[in-house]
Amino acid sequence: MIHESTYIDDNTTIGINTRIWHFCHILTDTRIGKNCTIGQNVMIGPNVTIGDGCKIQNNVSIYKGITLEDGVFVGPSAVFTNVNTPRAHIDRMSELASTYVCRGASIGANATIVCGTKIGAFAFIAAGAVVTKDVFPHSLVAGVPARHVGWVGHAGERLQNESDAPTFVCPRTGRRYSLVNPDTLLEITD
């Protein structure tokens, strides 16, 4: 489903069962995976890849140099930058810095993602946070600038520490995780 008010440029690929709502613009050489939902007033491209099962809420622009893996959630009015030192009177499009958002990550409403960063798998960026450096997988970050404040599981729930040991449990699913070093959380599978 693509709303009639949306513009789709040439050389774009849009996967099956993807829904694109009102007043969007998908620029050339952009690939959007299957089963995605693109909210109102979203601009994507050019040369952007969006994975399968992504949800991009209203009023988001995803510029050249940004990649979203499968299952990424981008909240309303989240902001991605594309140049570190912009000036209106200086063309810096040759200085685009890539941003990579790994699978399953969530970006809250009104968060800002400064270009050149990588957001790890299943990380959770709190609403209004300003991400200025890479975010570890499963990390919960909040604030300006964003800082690590906890861990989240695959379901997006904040993990609870089971005891004094470096193990955590998801209150929604019961999945258990172990902190193997200060920046690496792994699921316990046995």
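Close amide H contacts of W151 (hydrogens built in the peptide plane, cut-off under 5 Å, sequence separation of 5 or more or a different chain): L140, L159.
Average projection, convex hull of the Cα set of the stretch 124-190: 4.6 square nanometres.
Computed extension gain for S163 through L186, at 0.36 nm per residue and net of the alpha carbon distance, reaches 6.6 nm. A run of the chain free of exposed loop cleavage sites, with GluC sites (Glu not before Pro) counted only in DSSP states other than H, G, I, E and B and at most 14 other beta carbons within 10 Å, reaches its longest extent at 5-161. Counting only aspartates and glutamates at least 8 places from K133 when in the same chain, those with an alpha carbon closer than 20 Å to its own are E69, E95, D183.
Please say if the stretch 7-152 is rounded, prolate or oblate, where rounded means a/c under 1.5 for a ≥ b ≥ c the square roots of the C-alpha gyration tensor eigenvalues, and otherwise the choice is prolate for a/b larger than b/c and oblate otherwise?
Verdict is oblate for the stretch 7-152.
What the phi angles of the stretch 165-182 give under the Karplus curve with 6.51, -1.76 and 1.60, with θ = phi - 60°, is a coupling list of 6, x, 10, 9, 10, 7, x, 8, 10, x, 4, 10, 9, 10, 8, 8, 7, x Hz, glycine and proline written as x.
Quick note: the coordinates plus some simple rules give every number you see, no bench work behind them. Everything numeric in this text was worked out from a predicted model, so none of it was measured. With ideal geometry, Cβ positions are generated from the backbone for all residues, glycine too; neighbour counts draw on all protein chains shown.
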